[in-house]
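All remarks here apply to the structure that follows.
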Amino acid sequence: MLARVYGVAAILFFAVSSCSRFPESEFELRMDSRLPKFIDSTGARSPTGYTARVEIYDSPDPVRVIVKDSQRRTIFDQRGGFRWHPRDSYQGRGQIVYPSHFVVSFPSGEDIFEQRALEPILYLSDDPALWSSLK
């Protein structure tokens, strides 16, 4: 009987601890005019040939961004934080309104991502009003 209790407890522990390892959502990040600011803060590098995937998790570091260059080499793969922007927007409750925006943060910087419709595609935002309200 005691072995059965330990077995059930072990299964529950591994099930709960593995939840942060599997993404809840995955998106393609379109980089039409520039690379994310946490990779290229000057905006000097062309985004041509680069691809990016964004994964959202339910964990302390809820966003993972993976960027690959034209030779398919990973140049950025980090987990960081995100928050809805502006702060009084969606916040995970009620019906989401598009476009929606959120800020992703890494030690190397932050950027604003935009989801324009109910689709697995995100865009980099260059809206001056959003950027000025970020400060």
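Values in this text are rule-based calculations from the coordinates and carry no lab data. Owing to the predicted nature of the structure, the values given are computational and were not obtained by experimental measurement. Positions of Cβ are generated from backbone atoms using ideal geometry, with glycine treated the same way; all protein chains shown enter the neighbour counts.
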Original post:
Hey, what do the phi angles of segment 61-68 turn into as Karplus ³J(HN,Hα) couplings, whole Hz, using 6.51/-1.76/1.60 and θ = phi - 60°, x for Gly and Pro?
Top reply: 10, x, 10, 10, 10, 10, 10, 10
Original post:
In a shell of Cβ-Cβ distance under 13 Å around Arg116, excluding Arg116 itself, what net charge do Lys and Arg (+1) and Asp and Glu (-1) give?
Top reply: -4
